[in-house]
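Visitor: Let me begin by handing over the structure; questions about it come next.
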Amino acid sequence: MWLSETNTGTIILDITTILLLAGMIIFTSLYRKRGNLGDRVFFLLLIADIITAALDGMNFFFEKSPFAFKGALITAGDTLFTILYEIMPFMMVLYLDYRLRGDKRHTTGLIRIAVWPCVLSVLLILGNLIWKYLFYFDEAEGVYVYAKGYDLIHIAVVIYLCIILVQLWKKDKRTMIMYLIAIGCRIVLRNIIRDISSTPFIVAVLLIFFHILEMNESFYKEVDG
Amino acid sequence: MNTTTLSMVTIYSDVMAILLLVGLMLIPRGTGKKDAATGIFVTMALGVIFLALGNTVRAALYGQHFTWAEPVALAAQTVSELASVFTVYQWILYVDYKLYGSRDHLKRRFPVLFIPIILLSVILLVNTGTGILFTIGEDISFTPTVMYYFMVGIEFLYLLMAVVFMAVYVARGGKKKFFSTAPVIIPVLLGSVVSLVTDYSARALGLAVGLVFLYFSMAAGWRFGDKNSGFFNKEYLTYLRKTGNAYLGSICFKAAGDASGIEGILKSELPRDSIIIRNDQNSYLFLTETDAEPELLFLAELVKKAADLRDESGHRGKAICLEYTINTRSADQDTGELFLKN
């Protein structure tokens, strides 16, 4: 089998993520029926993270495979993965805004401002398909290459991360601490083991925390209130 | 094989498992109620954290050759295995308590099940000197013996025993909302199988995912379950009203007297998958997906007769004196909600 240890490790984490999120979809049915803006965004986040994990697993599965089509497949997969990587923090900003304020008008107003980093990043990623400044598959060498501009994809994510921290700092410091622990683990582990991808898993962990808080707190208040 | 990378993958998945469980334990409990089930859950989570920590220490020592590396790795692996053995035992305790809700039931049944756990623990401790279960090589590699797989088999049996408990409970007419053993057992088995057939240890991660699912069902139970009767609580009714529901008819049973007697009759006489809501101290609402009044009347009379029979037989406890009212959505043409307002 062509799979390396780190690739197998990533695939195990991705399968775990899909399993966790599939379970979440079953368990969130209790308040998904309620269908407010926050619930819908949360459900989209779950679906987006499932797709991200599946794409991540697919990329790592085919990376060192002998198949001729793997170059196109991995490029397409990683392009979609990176687009979702940009969209998910944006959705998280919207979700948290609605969860913390409960004001649909404020959240829809926020979309008009907060969507721009995401839109620019998506354009940047789509441009990469032509100019290859972020990542590409080197057909001659048969390896996947991260170009010099790769770190540009993190700019929008960092912007959204800052917005999320400001949102949580004002209203919910406990969630903020959990958020920081999860992101901190991601950064530390990424520096120790560079070849394992755990982004979908970390997002799943955050979604689990949000789900439990939703069940414990805001949903109670809404029903009781 | 790049063994250092392999160990790193194990460490990574164990750290993720710890992250999940520490996160769960940081979140306050929904209702603030502390029952034995929550206590057992916390013990299980701690067990998995120790399992993951033991695994992490051994994996981190992989390939190290300093003097204490081997004994420390052996101790870490022993702690990890002990934590695993006690966690599956706690799982059985948890399932029993969730099903029967009785500490006495736990005390009666579980000393027998504790004996194999004690034996396994003793064997694990003996293993540190004899290597009958596993050995730790000079390069801190883990080599299991046949006995080790026997021990893992016993752990699997304990995990699956929960399914038997559940089946027996359901066969006796019991019904437990927001609790199922499958969402816990499936990830645990997957993690264990991955650990057995590959060189990666995904056992802690599988257990952590199983506990997360268990926590989800606990949160749902806190939210909508009535702790005393095992029926739904009033909040569930509010939830049904808010979300819209498919229920077309209802029977509201009002009674004075022995609550446990009434609840027992409702459980035994109404269909198994009934939605029964404890509205207040002596009022129970039974929701149906039909608005056929003869059918509702038949069920209501069935319950009433069982209550009367209980009263006449001079059963221990106060008289039940059951009354009922039937409402249907079709009878209420305005909003269709009147039948939920009893």
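Visitor: Looking at segment B:51-84, which of its residues are surrounded by 22 or more Cβ atoms within 10 Å (Cβ to Cβ) and touching a Ser or Thr at 6+ places or on another chain (Cβ under 6 Å)?
Guide: Scanning segment B:51-84 gives B:LEU51, B:GLY54, B:ASN55, B:ALA59.
Visitor: Residue by residue through segment B:162-187, note down the ones that are under 28 Å from B:VAL15 (Cα atoms), assigned to a helix (DSSP H, G or I) and more than 12 Å from chain A (Cβ to nearest Cβ).
Guide: B:ALA162, B:ILE185
Visitor: Exactly one condition in (1) in a loop (DSSP other than H, G, I, E, B); (2) within 14 Å of another protein chain (Cβ to nearest Cβ) is false for A:ALA182; which is it?
Guide: So the condition that A:ALA182 fails would be (1).
Visitor: So, B:VAL193, is that one under 19 Å from B:TYR100 (Cβ atoms) and surrounded by 14 or more Cβ atoms within 10 Å (Cβ to Cβ) or not?
Guide: It is false that B:VAL193 is under 19 Å from B:TYR100 (Cβ atoms) and surrounded by 14 or more Cβ atoms within 10 Å (Cβ to Cβ).
Visitor: Same structure, new question: I want to confirm something. Restricting to segment B:146-165 and keeping residues that are surrounded by fewer than 17 Cβ atoms within 10 Å (Cβ to Cβ) and β-branched (Val, Ile, Thr), which single residue is nearest to B:THR198 (Cα to Cα)?
Guide: My answer is B:VAL146.
Each row is one residue, and each column tells you yes or no for (1) modelled with pLDDT under 95; (2) under 27 Å from A:ILE212 (Cβ atoms).
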| site | (1), (2) |
| --- | --- |
| B:GLY32 | yes, yes |
| B:ALA36 | yes, yes |
| B:ILE40 | yes, yes |
| B:THR56 | yes, yes |
| B:TYR62 | yes, no |
| B:VAL79 | no, no |
| B:TYR89 | yes, yes |
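Visitor: (1) closer than 26 Å to A:LEU165 by Cα; (2) at pLDDT below 90: which one isn't true of A:ILE50, the others all being true?
Guide: All conditions are met except number (2).
Visitor: Taking into account only those residues within segment A:111-158 that are of a type in the set (Lys, Arg) and not in a loop (DSSP other than H, G, I, E, B), which is farthest from A:ASP78 (Cα to Cα)?
Guide: Among those that are of a type in the set (Lys, Arg) and not in a loop (DSSP other than H, G, I, E, B), it is A:ARG112.
Visitor: Residue pairs, Cβ under 9 Å, 6 or more apart or interchain, first in segment A:37-54 and within 17 Å of A:PHE209 (Cα to Cα), second of a type in the set (Asp, Glu) and assigned to a helix (DSSP H, G or I). List them.
Guide: A:GLY38/A:ASP97; A:GLY38/A:GLU214; A:ASP39/A:GLU214; A:PHE42/A:GLU214
Visitor: One residue is enough: does segment B:228-241 have a residue meeting the conditions under 30 Å from B:THR87 (Cβ atoms) and either surrounded by fewer than 22 Cβ atoms within 10 Å (Cβ to Cβ) or more than 26 Å from the chain's Cα centre (by Cα) (or both)?
Guide: Within segment B:228-241, one or more residues are under 30 Å from B:THR87 (Cβ atoms) and either surrounded by fewer than 22 Cβ atoms within 10 Å (Cβ to Cβ) or more than 26 Å from the chain's Cα centre (by Cα) (or both).
Visitor: In addition: Anything in segment B:193-224 that is within 29 Å of B:LEU240 (Cβ to Cβ), more than 8 Å from chain A (Cβ to nearest Cβ) and modelled with pLDDT of 85 or more? List them, or say none.
Guide: Correct list: B:LEU214 only.
Visitor: State which residue pairs qualify: first residue modelled with pLDDT under 85 and inside segment B:5-28, second residue of a type in the set (Lys, Arg) in any location, beta carbons under 8 Å apart, and separation of 6 or more residues or different chains.
Guide: B:LEU26/A:ARG174
Visitor: Within segment A:134-143, is even one residue in contact (Cβ under 8 Å) with a residue 24 or more places away in the chain, more than 19 Å from A:THR199 (Cα to Cα), surrounded by 14 or more Cβ atoms within 10 Å (Cβ to Cβ) and within 14 Å of chain B (Cβ to nearest Cβ)?
Guide: Within segment A:134-143 (the criterion being in contact (Cβ under 8 Å) with a residue 24 or more places away in the chain, more than 19 Å from A:THR199 (Cα to Cα), surrounded by 14 or more Cβ atoms within 10 Å (Cβ to Cβ) and within 14 Å of chain B (Cβ to nearest Cβ)), the answer is no, since none of the residues qualifies.
Visitor: Condition test on A:LEU96, is it within 14 Å of chain B (Cβ to nearest Cβ) and either among the aliphatic types (A, V, I, L, M) or closer than 26 Å to B:TYR236 by Cβ (or both)?
Guide: Judged against the criteria, A:LEU96 is not a match.
Visitor: When you scan segment A:194-225, how many residues do you find that are modelled with pLDDT under 80, in a helix (DSSP H, G or I) and not basic (Lys, Arg)?
Guide: Number of matching residues: 12.
Visitor: Looking for whichever is away from every other protein chain (no Cβ under 14 Å), out of contact with any Asp or Glu (no Cβ under 9 Å at 6 or more places or on another chain) and within 28 Å of A:ILE18 (Cα to Cα) here; the options are B:LEU159, B:LEU190. Which one fits?
Guide: The unique qualifying residue is B:LEU159.
Visitor: Output the number of residues of segment B:128-145 satisfying the condition of being loosely packed, with under 13 Cβ neighbours inside 10 Å and under 31 Å from the mean Cα position of the chain (by Cα).
Guide: The qualifying residues number 0.
Visitor: Separate question: Can you tell me which residue is surrounded by the most Cβ atoms within 10 Å (Cβ to Cβ) among those in segment A:34-56 that are of a type in the set (Gly, Ala, Ser) and within 14 Å of another protein chain (Cβ to nearest Cβ)?
Guide: Here the residue is A:ALA53.
The values are calculated or read from the model by the stated rules, or taken from the named source; none is laboratory data. If you're wondering where the values come from, they're calculated on a predicted model, not measured in any experiment. Reconstructed Cβ throughout: ideal geometry from the backbone, glycine too, with neighbour counts over all protein chains shown.
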